[in-house]
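The values are calculated or read from the model by the stated rules, or taken from the named source; none is laboratory data. Please read these numbers as outputs of a predicted model, since none were measured by experiment. Note: ideal-geometry Cβ built from the backbone for every residue, glycine included; neighbour counts use all protein chains shown. These area figures cover heavy atoms from the full protein model, side chains too; ligands, DNA and RNA do not enter into them. Shrake-Rupley method; radii C 1.70, N 1.55, O 1.52, S 1.80 Å.
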Amino acid sequence: MKIAFIYYDYSSFVKQDYEMLSRHFAVEKVSYRKPNDIFKIARAIFNSDLTYSWFASGHSFIAVLFSKMLGKRSMVVAGGYDVAYEPEINYGQYTLGRVKRLYADCVLKNADVILAVSRFTEGEVLARTKPRMIRVIYNGIDTDKFVAEIEKEKLVITVASGTKDVIRLKGIDAFARAAEHIPGTRFRVLGLLDSDRKILAAKYPFPNLELCGRMSQTDLISCYQKASVYCQLSYRESFGVALAEAMSCECVPVVTERAALPEVVGDTGIYVPYDDEKATAKAIEDALRSDKGRKARERVKSHFSVKMREAELLKEVMMISR
């Protein structure tokens, strides 16, 4: 089978799906960055049996449209931002105007299969429209790579990568203020843009708070392995890949009870209200005394392993091709 793999941003989870599918099928990946790329997409779809796109947006609208015109099947991953509407924090494609919403609506309604990354995301899709078919396939974590190999330190971390007002989205203010309540513990924010680092450094000049920029996966894994606690204090998460990676490295999770986070954490962590620094500080202190790290890793292995995602993707592709 030949698959046209259409994407806009070649992020780690997009790359992961490409590599998975390439192990079983002939896959041609095509990036959409400028209008002329439409011709590359059309050619790839013409020569394929199936199109596979990440995120319901403009590039997948083109993929689904051409697939219908050429009599080809189409699959689209609903990954979170593409189906989100959070006007309180100005987050989600559905806050961007009529054209963006139209693209997403057309994709969700006309693709042959929508693959949601969580039950929460599935619910968001169903609130928008009634797809032809929708399946939940959780993101996959390589538990052979994300593993605890060194002794844990008294270190609490969170990841704040992204460009869409990550300070509010990821609850970084509460994380930073919690650091002031526990001066004997090191806190570290990873993945910040330089502009966000400057804002946070000016607001929270605490000696036990370290603000870090983007880093390699090797350095990120090293941080996960050292940390005892991982915080995901987000307003919203469609899944929480960094959270699951940290859990795989036996970090005890402290998270808000919002969106898909309870699906990932289950009973292996501690829940706190959004933007509540005192509750967060207490939860972190409890987590530092907890022995739930191994239980958190076992949950990732049993529910969110990369092998499970690959098997589910393969099954869905084979079913749609019949």
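Annotations for the structure displayed:
- Only residues that are open to solvent by 20 Å² or more (accessible area, probe 1.4 Å) and out of contact with any Ser or Thr (no Cβ under 7 Å at 6 or more places or on another chain) were counted across region 274-292, and they come to 11.
- Selection within region 253-269: residues that are surrounded by fewer than 21 Cβ atoms within 10 Å (Cβ to Cβ) and more than 16 Å from the chain's Cα centre (by Cα). The member of this set that is nearest to residue 224 (Cα to Cα) is 268.
- Top-ranked residue in region 197-222 [being in contact with a Leu (Cβ under 7 Å, 6 or more places away or on another chain) and of a type in the set (Gly, Ala, Ser); ranked as modelled with the highest pLDDT]: 201
Yes/no per residue for (1) open to solvent by 40 Å² or more (accessible area, probe 1.4 Å); (2) under 16 Å from residue 255 (Cβ atoms); (3) in a loop (DSSP other than H, G, I, E, B):
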site	(1), (2), (3)
175	no, yes, no
183	yes, no, yes
192	no, no, yes
220	no, no, no
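- Pairing each residue of region 29-54 that is free of Cβ contacts under 8 Å to residues at least 40 places away in the same chain with any residue that is open to solvent by 90 Å² or more (accessible area, probe 1.4 Å) and part of a loop (DSSP other than H, G, I, E, B), provided the two are 6+ apart or on different chains, yields C-beta distances under 6 Å for 32/8.
- Residue within region 81-99 that is surrounded by fewer than 14 Cβ atoms within 10 Å (Cβ to Cβ) and at pLDDT 95 or above present: no
- Residue among 112, 17, 105 that alone is free of Cβ contacts under 8 Å to residues at least 40 places away in the same chain and acidic (Asp, Glu): 105
Every residue, every condition in (1) on the phi > 0 side of the Ramachandran plot; (2) under 17 Å from the mean Cα position of the chain (by Cα), yes or no:
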| site | (1), (2) |
| --- | --- |
| 123 | no, yes |
| 160 | no, yes |
| 191 | yes, yes |
| 198 | no, no |
| 204 | no, no |
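- Considering only residues in region 222-244 that are open to solvent by less than 10 Å² (accessible area, probe 1.4 Å) and among the hydrophobic types (A, V, I, L, M, F, W, C), the one that is nearest to residue 117 (Cα to Cα) turns out to be 239.
- From 63, 26, 42, 4, residue being within 17 Å of residue 108 (Cβ to Cβ) and open to solvent by less than 70 Å² (accessible area, probe 1.4 Å): 63
- Flag if residue 68 is surrounded by fewer than 16 Cβ atoms within 10 Å (Cβ to Cβ), farther than 30 Å from residue 171 by Cβ and in contact with a helix residue (DSSP H, G or I) (Cβ under 7 Å, 6 or more places away or on another chain): yes
- Matching residues in region 108-122 - criterion: being closer than 21 Å to residue 259 by Cβ and surrounded by 15 or more Cβ atoms within 10 Å (Cβ to Cβ): 108, 114, 115, 116, 117, 118, 120, 121, 122
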